[in-house]
Amino acid sequence: MSSPSSSNAPALEVDGLSVELRTRHGEVRAVDGVGFAVRSGETLALLGESGCGKSMTAQAIVGLLDPVASVTGGSVRLAGTDVLALDRAGRRKLAGPKLSIVFQDALTALNPVQTVGAQLAEPFRIHRKMSRKDALAKAAELMERVGIPDPKARLSAYPHQFSGGMRQRLLIAMAVALDPDVLLADEPTTALDVTVQAQIMELLRELRTERDMAVVLITHDLAVVAEHADHVAVMYAGRVVETGPVQDVFADPRHPYTRGLLASVPAKVGRGEELRSIKGGPPELHAIPAGCAFQARCPMVADVCRTDHPGLAETAPGRAAACHFATKEPAHV
Amino acid sequence: MLTFVRRRIVSSAVPLVVVILGVFCLARLTGDPAKLYLPLSATPQMREDFLARNGFDKPLIEQLWDYLEGLFTLDFGESLRTGQDAAGMALRAFPATLQLAGATMLLAIVGAVLIGSWAAYKPNSLADRLSGLLSMAAASMPDFWFAIMGVLVFAVTLGWLPTSGVVGGPEVWVLPLLTLLIRPFGVLVQVVRGAMVSALSAPYVKVARSKGASEPRVVFGHALRNAAPPVLTVAGDLTVGLVNGAVVVETIFGWPGIGKLMIDSILQRDFAVLQAAVLITAVTIFALNILVDLCHALLDSRVRQAVTA
């Protein structure tokens, strides 16, 4: 049992978050009642395939949705205060010192015509009203911390003069500049090669521990989740379908989608065997069927799945799955 | 950077030679100055004297040689009309044109950046549609018509503004400035809007917002500088148009600039003045183009690297 001390209260608590998109098919719900919680010093992975709504969830949390999307329900509580209820100025005050995000494509996420020094100094200039000189000194410290060689000299360099891995380090440095309580990382390693990927994940882990941040890691990479996350929330078609501690979920998945994902990891397949995949594709957002969104691809599908939407229900302490048969043993896939 | 400027100056030399030769030949196509300056009753002897006095009796190739020789000492000869130094006349007229062009572009750029950014901030909003409609109308407005209507309404009917001339207070600037302003302003609003729409949807804008940057900081600090290159290119081009194309406006409003001087010299077959005026304009336009390229380099380090490489 968790003690009621304040350090154990979640740093970030998302509850019933819904996001709707205006499309040519009308309003579609891209994120549907998503909820999860992360504590300081812990990492929660939001796991899912492209288009499942995980990035949009992150953007809704930090208030940076594209104009076609809007939050239609739910709450996002940062240390107890609902940030969705704040006005724009109120949210701006939190952006950086409390809540921060690392974007995926570091080349386009850095401003091509500003020096990296100016961009790294910006959080200090905005929130701490530092002088240009002091802010640049802070920026150099940050660059040093994230492992960029010769930081003072490189303050005046431009993003295109850095490698992909170094650019991602710069983005991370910018995001952690003001010691945020919560850090969202939206596929921070997608564009990088494997060795650099490992270094970046290691850097994020170090920073999390050193600054006691709560980290939400958005990814489609099962290996990254297994190695770097404490908890996982698996998303499918805009909903969380399974949550729990990573080890437990990976050892004994309770949702057929999670099971399918885990079975498709190549390492589990013997040499010469065909790679496993989940047949079919996720439903289009404007045509999500009644009942369970996974029904068309599910090996355990039954009549109830076509009529009733399974809610997220506890399957064991600290674990939940959104499946009518979450407690049943799986049919052989 | 200096090598870049030097290279651009050298590469401007060829078109400049073409201009120098072209204006010499074209000027002489306007007709025989003797017919214009001498009375109808002039005797052949008077005609020959006139031609000899002004050097028009020499073979064309020799006239060209004299003209080219004079260029090196900036001596364009004397005006047929006034007997004054041609280069001096052109140089005295030029500031009036530059002032008008400079004031126009300053207003056009500042206005277009504000209105264009405002339109781009929320694409397809009412502000966007309104500015799109108005800028389209402005960009398509024929300036001579606008000038004449302006004179008719504000000078003749209402009597608020003078019909022409430069004598008086700031009110003499209003109609010439507005006439010159309307088209560049309309064009630039559309260019700024287009460039800002794409700059504002770039990921680095999201990142800036994620750092808690205020909206003015996002729009003018992050997006505008990325949107600047196309605006700069078009603005440079429009300025060129203003420097040599102020002919219509200067003629209508009697503005004593280089455009009016050129028209008068053509009508008066005042070859020396025409040559001087055209050459000064051409050199200015080359200089403007180099300046625009330098601004590009100043705005973006990637361009800077490319030109210094």
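All but one of (1) assigned to a helix (DSSP H, G or I); (2) open to solvent by 30 Å² or more (accessible area, probe 1.4 Å); (3) within 22 Å of B:Q99 (Cα to Cα); (4) away from chain A (no Cβ under 14 Å) hold for B:C295, so report the exception by its number.
Unmet condition: (4).
Taking A:S40 as the residue in question, decide whether it is at pLDDT 90 or above, over 27 Å from B:V197 (Cα atoms), in contact with a strand residue (DSSP E or B) (Cβ under 8 Å, 6 or more places away or on another chain) and part of a loop (DSSP other than H, G, I, E, B).
Yes, satisfied.
Hey, any hits in the range A:214-222 for a residue that's open to solvent by 30 Å² or more (accessible area, probe 1.4 Å), in the same structural domain as A:G53 (by TED's automatic domain parsing), at pLDDT below 90 and not charged (D, E, K, R)?
There is no residue in the range A:214-222 that is open to solvent by 30 Å² or more (accessible area, probe 1.4 Å), in the same structural domain as A:G53 (by TED's automatic domain parsing), at pLDDT below 90 and not charged (D, E, K, R).
Is it the case that A:R271 is over 25 Å from the mean Cα position of the chain (by Cα), within 20 Å of A:R29 (Cα to Cα) and open to solvent by 100 Å² or more (accessible area, probe 1.4 Å)?
Details: over 25 Å from the mean Cα position of the chain (by Cα): yes; within 20 Å of A:R29 (Cα to Cα): no; open to solvent by 100 Å² or more (accessible area, probe 1.4 Å): yes.
Spelling it out, it is not the case that A:R271 is over 25 Å from the mean Cα position of the chain (by Cα), within 20 Å of A:R29 (Cα to Cα) and open to solvent by 100 Å² or more (accessible area, probe 1.4 Å).
Of a type in the set (A, V, I, L, M) and either away from chain B (no Cβ under 14 Å) or out of contact with any helix residue (DSSP H, G or I) (no Cβ under 6 Å at 6 or more places or on another chain) (or both), is that true of A:A69? Walk me through how you get there before you give the answer.
Values: of a type in the set (A, V, I, L, M): yes; either away from chain B (no Cβ under 14 Å) or out of contact with any helix residue (DSSP H, G or I) (no Cβ under 6 Å at 6 or more places or on another chain) (or both): yes.
So A:A69 passes the test.
Given the conditions (1) closer than 25 Å to A:D15 by Cβ; (2) assigned by TED's automatic domain parsing to the domain that holds A:L46; (3) of a type in the set (A, V, I, L, M); (4) modelled with pLDDT under 90, report the number of the one that A:A267 does not fulfil.
Condition not satisfied by A:A267: (1).
Out of all the residues in the range A:108-118, which are within 20 Å of A:P180 (Cβ to Cβ) and more than 8 Å from chain B (Cβ to nearest Cβ)?
Once the filter is applied, which keeps residues that are within 20 Å of A:P180 (Cβ to Cβ) and more than 8 Å from chain B (Cβ to nearest Cβ), the range A:108-118 yields only A:V116.
Among (1) aliphatic (A, V, I, L, M); (2) in contact (Cβ under 8 Å) with a residue 24 or more places away in the chain; (3) crowded, with 23+ Cβ neighbours inside 10 Å; (4) in a helix (DSSP H, G or I), there is one condition A:A121 misses while meeting the rest; what is its number?
Exception for A:A121: condition (2).
Test A:T190 against the criterion of being within 12 Å of chain B (Cβ to nearest Cβ) and surrounded by fewer than 20 Cβ atoms within 10 Å (Cβ to Cβ), and give yes or no.
So A:T190 does not fit the description; no.
Just to be sure I understand the filter: pairs with C-beta atoms under 8 Å, separated by 6 or more residues or on different chains, first member in the range A:287-300 and closer than 13 Å to A:V28 by Cβ and not assigned by TED's automatic domain parsing to the domain that holds A:C52, second member outside any loop (DSSP other than H, G, I, E, B) and open to solvent by less than 20 Å² (accessible area, probe 1.4 Å). Which pairs pass?
That search, which allows pairs on different chains as well, returns A:A293/A:Y236.
Please go through the range B:215-225 and give me each residue that is open to solvent by 40 Å² or more (accessible area, probe 1.4 Å) and either more than 8 Å from chain A (Cβ to nearest Cβ) or not charged (D, E, K, R) (or both), ordered by number.
Answer for the range B:215-225, where residues must be open to solvent by 40 Å² or more (accessible area, probe 1.4 Å) and either more than 8 Å from chain A (Cβ to nearest Cβ) or not charged (D, E, K, R) (or both): B:P216, B:F220, B:L224.
Being small (G, A, S), more than 11 Å from every other protein chain (Cβ to nearest Cβ) and open to solvent by 50 Å² or more (accessible area, probe 1.4 Å) narrows it down to one residue among A:A60, A:A45, A:A85; which is it?
Within the list A:A60, A:A45, A:A85, the selection yields A:A85.
Going residue by residue through the range A:248-263, is there one that turns out to be open to solvent by 30 Å² or more (accessible area, probe 1.4 Å), in contact with a helix residue (DSSP H, G or I) (Cβ under 9 Å, 6 or more places away or on another chain), of a type in the set (D, E) and in contact (Cβ under 8 Å) with a residue 40 or more places away in the chain?
no
Anything in the range A:142-181 that is polar (S, T, N, Q), touching a residue at least 40 places away in the same chain (Cβ under 8 Å) and within 12 Å of another protein chain (Cβ to nearest Cβ)? List them, or say none.
Listed by number, the list holds a single entry, A:S156.
The values are calculated or read from the model by the stated rules, or taken from the named source; none is laboratory data. Bear in mind the structure is a predicted one, so any value in this text is a computation, not a measurement. Methodologically, a virtual Cβ is constructed for each residue, glycine included, from the backbone with ideal geometry; neighbour enumeration extends over all protein chains shown. These accessible areas exclude ligands, DNA and RNA; they are computed on the full protein's heavy atoms, side chains included. Shrake-Rupley method; radii C 1.70, N 1.55, O 1.52, S 1.80 Å.
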